[in-house]
1. Tell me whether region 39-53 contains one or more residues that are out of contact with any Asp or Glu (no Cβ under 7 Å at 6 or more places or on another chain), modelled with pLDDT under 75 and assigned to a helix (DSSP H, G or I).
2. Answer yes if at least one residue in region 1-10 is in a helix (DSSP H, G or I), modelled with pLDDT under 95 and surrounded by 10 or more Cβ atoms within 10 Å (Cβ to Cβ), and no otherwise.
Amino acid sequence: MLQEASLTGLFKILIGILLFYYLVKVLSRLFAPFLMKYAAKKVQQRFGEQFGGFQNQQHGQKQKKEGEISIDKMPQHKSSNNSVGEYVDYEEID
């Protein structure tokens, strides 16, 4: 069955879209501060988790005696990159 579009149906759809837009706009203004606080709290927690170990290391270093040396990790070996190529000295010609 074929249905024709009517002018009243078009107005109903447009009014529904506008009401939905303004409803979302008003609700976002009401709930945006709460959402921002929640997001900031989560970011702060993640930051604390990532860098919390760094603070513990600093406190451990402050308790050591002055002049005491400690080596955390020794490098395995230094690798030189000889496959880069050779250096060519050049002169500019005017």
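1. From region 39-53, those out of contact with any Asp or Glu (no Cβ under 7 Å at 6 or more places or on another chain) are 39-53; that's our starting set.
Applying the additional criterion that residues be modelled with pLDDT under 75 yields 52-53.
Now drop any that are not assigned to a helix (DSSP H, G or I), which leaves 52-53.
Within region 39-53 (the criterion being out of contact with any Asp or Glu (no Cβ under 7 Å at 6 or more places or on another chain), modelled with pLDDT under 75 and assigned to a helix (DSSP H, G or I)), the answer is yes, since at least one residue qualifies.
2. Step one: list which residues in region 1-10 are in a helix (DSSP H, G or I), which gives 7-10.
With modelled with pLDDT under 95 added as a condition, the list becomes 7-10.
Now narrow it down to the ones that are surrounded by 10 or more Cβ atoms within 10 Å (Cβ to Cβ): 9-10.
The answer is yes, given that some residue of region 1-10 is in a helix (DSSP H, G or I), modelled with pLDDT under 95 and surrounded by 10 or more Cβ atoms within 10 Å (Cβ to Cβ).
The values are calculated or read from the model by the stated rules, or taken from the named source; none is laboratory data. Not measured: the values here are computed from a predicted model. Neighbour counts are summed over all protein chains in view; Cβ atoms, including those assigned to glycine, are modelled from backbone coordinates with ideal geometry.
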